[in-house]
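Here's the structure we're looking at; comments come further down.
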Amino acid sequence: MDLSPLQSQLITLKAQKNAVILAHYYQRPEIQQIADYVGDSLELSRKASESHAEILVFCGVHFMAETAKILNPYCKVLIPDLEAGCSLADSCPLTEFIRWKRKYPEHVLVSYINCSAEIKALSDYICTSSNALKIINSIASDKKIIFAPDRNLGEYLIKETGREMVLWEGACVVHEAFSVQKLIELVRSYPSAKILAHPESKSEILKIAHFIGSTTALINYVVESPADTFLIGTEVGILHQIKELSPDKYLIPIPTEEDNTCACSECAFMKVNTIQKVMDCLQSESNEIILDPMIQCLALIPIQKMLQLS
Ligand code: 13P
Ligand code: SF4
């Protein structure tokens, strides 16, 4: 792999500073190339908790970097751009959320990891897309559940587990945007293609998907599948790893409602991080994640429960 001068400088700098770079699959390819580890949100949380580095540069969105800080409180956690948010995390303003939670005093609150540290601190369990079924199934059947913030993932969990759950009305702007009509047209053109979808996608997409899973699970499915064509229902960043692992597979991103080019479904929040910003934040040790110590302690409890259960 040929590295740019900036990528090479970054590799030297991270060794000098005893820093580790963690990157989510939705990051730009040039960031994934120099990361010490690339993974889904559960794997990155594990890596963060196990790290002995002095500095963690978290190339992902803010809630992911916060989770890393909660799991490794003595490590300096940096994020290349503090504006790297998430529409799901943004859908839960704290005051409104507390009011909603108060309506269900008997219920257990399961929160998808795509939420702020404050919401995590109020939660009984955290889950990611790769362990959500396991977490819901681990909760005693006589317990009532409220689930936040992703309505689509929540509906998928209700269908798969048969559990009744009250859902918060949040959604991911990227996964909500996939067009069912355009997917059907693609299926007509590529009848033997396998349809893959992240569970944040709308139920109409999930209904016709051959496989539903987290980013890592989707990548593994393509790599291990004997099929050669795949319609991909998640952020296009995962195409980089699939092409590295299985260069011969033909990958078609599912188009969004507004896009006809198929160069679609990018998460604008993930893409605010650039290789230059990774360099800048590590050089100046800026954009550090600082959390209220009490929130940090409370949020750790449901995250640890999740790690133990998965
Ligand atoms: P994963 O846990 O599958 O990596 O999902 C993270 C995410 O933000 C999906 O939009
Ligand atoms: Fe949030 Fe969606 Fe972007 Fe994932 S893809 S970080 S859920 S906005």
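The values are calculated or read from the model by the stated rules, or taken from the named source; none is laboratory data. Since we're looking at a predicted model, the values are computed, not measured. We place every Cβ from the backbone using ideal geometry, glycine too, and count neighbours over all the protein chains shown. What goes into the accessible areas is simple: the full protein's heavy atoms, side chains included, and nothing from ligands, DNA or RNA. Shrake-Rupley method; radii C 1.70, N 1.55, O 1.52, S 1.80 Å.
Got a sec? Which of 219, 275, 289 is in contact with a Ser or Thr (Cβ under 8 Å, 6 or more places away or on another chain), of a type in the set (Val, Ile, Thr) and in contact (Cβ under 8 Å) with a residue 60 or more places away in the chain?
Numbers: 219 fails: in contact with a Ser or Thr (Cβ under 8 Å, 6 or more places away or on another chain); 289 fails: in contact with a Ser or Thr (Cβ under 8 Å, 6 or more places away or on another chain).
The unique qualifying residue is 275.
With the checklist (1) at pLDDT 95 or above; (2) under 20 Å from the mean Cα position of the chain (by Cα) in hand, flag the one item residue 265 doesn't pass.
Against the list (1) at pLDDT 95 or above; (2) under 20 Å from the mean Cα position of the chain (by Cα), residue 265 comes up short only on (1).
State all residues of region 282-302 that are aliphatic (A, V, I, L, M) and touching a Phe, Trp or Tyr at 6+ places or on another chain (Cβ under 9 Å); if no residue qualifies, say none.
Taking region 282-302 as the starting set, the residues that turn out to be aliphatic (A, V, I, L, M) are 282, 289-291, 294-295, 298-301.
Once the filter is applied, which keeps residues that are aliphatic (A, V, I, L, M) and touching a Phe, Trp or Tyr at 6+ places or on another chain (Cβ under 9 Å), region 282-302 yields only 289.
What are the residues in region 51-69 that are in a strand (DSSP E or B) and surrounded by 21 or more Cβ atoms within 10 Å (Cβ to Cβ), if any? Full working, then the answer.
Keep residues of region 51-69 that are in a strand (DSSP E or B), which gives 55-59.
Of everything in region 51-69, those that are in a strand (DSSP E or B) and surrounded by 21 or more Cβ atoms within 10 Å (Cβ to Cβ) turn out to be 56, 57, 58, 59.
Name the one entry in 26, 37 that is within 16 Å of ligand 2 (Cβ to nearest atom) and at negative phi. Talk me through it step by step, then tell me what you get.
Details: 37 fails: within 16 Å of ligand 2 (Cβ to nearest atom).
Every option except 26 fails the conditions.
Mind telling me which of the residues 176, 185 ends up being away from ligand 1 (no atom under 16 Å from the Cβ) and either of a type in the set (Asp, Glu) or within 30 Å of residue 126 (Cβ to Cβ) (or both)? Before the answer, list the steps.
Values: 176 fails: away from ligand 1 (no atom under 16 Å from the Cβ).
The unique qualifying residue is 185.
Which count do you get for residues in region 193-240 that are open to solvent by 10 Å² or more (accessible area, probe 1.4 Å), closer than 14 Å to residue 180 by Cα, outside any loop (DSSP other than H, G, I, E, B) and within 16 Å of ligand 1 (Cβ to nearest atom)?
The total comes to 1.
Pairs, please: C-beta under 7 Å, at least 6 apart or cross-chain, first residue more than 18 Å from residue 152 (Cβ to Cβ) and in region 123-139, second part of a loop (DSSP other than H, G, I, E, B) and open to solvent by 10 Å² or more (accessible area, probe 1.4 Å)?
What qualifies is 134/310.
Looking only at region 1-50, count every residue that is part of a loop (DSSP other than H, G, I, E, B) and either open to solvent by 60 Å² or more (accessible area, probe 1.4 Å) or closer than 15 Å to residue 79 by Cα (or both) and tell me the total.
Keep residues of region 1-50 that are part of a loop (DSSP other than H, G, I, E, B), which gives 1-4, 17-18, 25-28, 35-36, 40.
Add one more test, that the residue is either open to solvent by 60 Å² or more (accessible area, probe 1.4 Å) or closer than 15 Å to residue 79 by Cα (or both), and what stays is 1-3, 18, 26-28, 35-36.
Counting residues in region 1-50 that are part of a loop (DSSP other than H, G, I, E, B) and either open to solvent by 60 Å² or more (accessible area, probe 1.4 Å) or closer than 15 Å to residue 79 by Cα (or both) gives 9.
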